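Engineer: Structure in structure tokens, see below.
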Amino acid sequence: MVGYVLFQSTQAATRAEAVLRRGGMSVRLVPTPRQLSSECGTALSFAAHNGLAEAVEARLREAGVPFVAIRLLDG
């Protein structure tokens, strides 16, 4: 399962990447899959296992990083 964090701006995506990496999470900036959104062309991807999606969401909210949604895809 692959998780994607969707954003309204590339600035928010790069800020989220920095926040999550400082927290020891393995994430990377990727083009947003078309089936998920057409808002911003940049998303963060991560391996969604062992409650990581919930940890990503909590860390972003704690840091005040705006995001649109977190979506999970089989992959």
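Engineer: Every residue in the range 12-54 that is modelled with pLDDT of 95 or more and polar (S, T, N, Q), please.
Structural biologist: 14, 45
Engineer: For residue 66, indicate whether it is at pLDDT below 95 and not aliphatic (A, V, I, L, M).
Structural biologist: On the way: at pLDDT below 95: no; not aliphatic (A, V, I, L, M): yes.
The answer is no for residue 66.
Engineer: Considering only residues that are out of contact with any Phe, Trp or Tyr (no Cβ under 8 Å at 6 or more places or on another chain) and either under 11 Å from residue 71 (Cβ atoms) or polar (S, T, N, Q) (or both), look in the range 36-52 and name the one that is surrounded by the most Cβ atoms within 10 Å (Cβ to Cβ).
Structural biologist: It comes out as 48.
Engineer: I'm trying to understand the selection: among the residues of the range 1-35, which are touching a residue at least 60 places away in the same chain (Cβ under 8 Å) and either part of a helix (DSSP H, G or I) or more than 19 Å from residue 64 (Cα to Cα) (or both)? Break it down stepwise before answering.
Structural biologist: First pass over the range 1-35, keeping only residues touching a residue at least 60 places away in the same chain (Cβ under 8 Å): 1-8.
Hits for the range 1-35 are 1, 2, 3.
Engineer: Only one of these is buried (at least 17 other Cβ atoms within 10 Å of the Cβ) and either farther than 19 Å from residue 1 by Cβ or touching a strand residue (DSSP E or B) at 6+ places or on another chain (Cβ under 8 Å) (or both): 30, 56. Name it. Talk me through it step by step, then tell me what you get.
Structural biologist: On the way: 30 fails: buried (at least 17 other Cβ atoms within 10 Å of the Cβ).
None of the others qualify; the one that does is 56.
Engineer: I'd like to verify a number: residues in the range 36-60 that are part of a loop (DSSP other than H, G, I, E, B) and in contact (Cβ under 8 Å) with a residue 24 or more places away in the chain, how many? Steps first, please.
Structural biologist: In the first step, residues of the range 36-60 are kept if they are part of a loop (DSSP other than H, G, I, E, B); the result is 36-41, 48-51.
Next, from what is left, pick out any that are in contact (Cβ under 8 Å) with a residue 24 or more places away in the chain: 36-37, 39-41, 48-49.
Adding up the residues that qualify gives 7.
Engineer: Sticking with this structure for a sec: Filtering the range 61-72 down to residues that are in contact (Cβ under 8 Å) with a residue 40 or more places away in the chain and assigned to a loop (DSSP other than H, G, I, E, B), which residue is farthest from residue 18 (Cα to Cα)? Before the answer, list the steps.
Structural biologist: The initial filter retains those residues of the range 61-72 that are in contact (Cβ under 8 Å) with a residue 40 or more places away in the chain, namely 63, 65-72.
Remaining after also requiring assigned to a loop (DSSP other than H, G, I, E, B): 65-68.
On the way: 65: 10, 66: 13, 67: 14, 68: 17 Å.
Among those residues, the one meeting the criterion is 68.
The values are calculated or read from the model by the stated rules, or taken from the named source; none is laboratory data. Remember, predicted model here, so these are calculated numbers, not experimental data. A quick note on method: Cβ atoms are made from the backbone with ideal geometry, for glycine too, and the neighbour counts reach across all protein chains shown.
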